[in-house]
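One structure below.
The values are calculated or read from the model by the stated rules, or taken from the named source; none is laboratory data. Small disclaimer: the values here were computed from a predicted structure and weren't measured. Because the Cβ atoms are built from the backbone with ideal geometry, glycine has one as well, and the counts that use them run over all protein chains shown. Side chains are part of the model used for accessible areas, which takes the heavy atoms of the whole protein and leaves out ligands, DNA and RNA. Shrake-Rupley method; radii C 1.70, N 1.55, O 1.52, S 1.80 Å.
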Amino acid sequence: MNESSAGAGGAENYSPEVVHLYERLKSVNEKRGYFFNPDLPMTMDLIAGLITNKERYGYMCCPCRLAANDREADRDIICPCDYRTPDVEEYGACYCALYVSQEWIDGAIPHLTVPERRPPEKQGW
């Protein structure tokens, strides 16, 4: 791992499964202009939540939202969720702030709370 990876600043604090998923998702998403939040403990906790949801539901739904345990009903919140792109375009971060833009990292845009875009009828199972 290099200085910008999960290895920088304490990968030993995270399970190998969490570090592996971090590295895999990082390599795929950075090519598309989506970066992980530089707050490593928060980011790794969110990735651990993705793994927990994969074990619980069979798919990696957003750890910041309530899932219905129904893949079709939850399709919009399978990470990366359907709301990531508009959230990052408008706010520089997705709802849970796992994915952020380079401008957000650089402090060129304010770090605002991202409102929930998921329709109310799909929330609160």
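Annotations for the structure displayed:
- Taken one residue at a time, the phi angles of segment 18-32 give Karplus couplings (6.51, -1.76, 1.60, θ = phi - 60°) of 5, 4, 4, 5, 3, 4, 5, 5, 4, 5, 6, 7, 5, 4, 9 Hz. Gly and Pro are set to x.
- The stretch between Asp82 and Gln102, if pulled fully straight at 0.36 nm per residue, gains 5.2 nm over its current Cα-Cα span.
- The relative contact order of the chain, computed from alpha carbon pairs under 8 Å that lie at least 6 residues apart in sequence, is 19 percent.
- Average accessible surface for segment 40-125: 52 Å² per residue, computed with a 1.4 Å probe over protein heavy atoms with every protein chain in place.
- Taking the accessible area of segment 21-125, probe 1.4 Å, and keeping the other protein chains in place, the carbon and sulfur fraction comes to 51%.
- The gain in end-to-end length when the Glu121 to Arg75 segment is fully stretched comes to 15.2 nm, 0.36 nm per residue minus the alpha carbon separation.
- In nm, spacing of pseudo-spin labels at Val28 and His111 (7 Å Cα→C-beta vector): 2.7
- Cysteines without a disulfide-compatible partner [the chain; Cβ-Cβ under 4.7 Å]: Cys61, Cys62, Cys79, Cys81, Cys94
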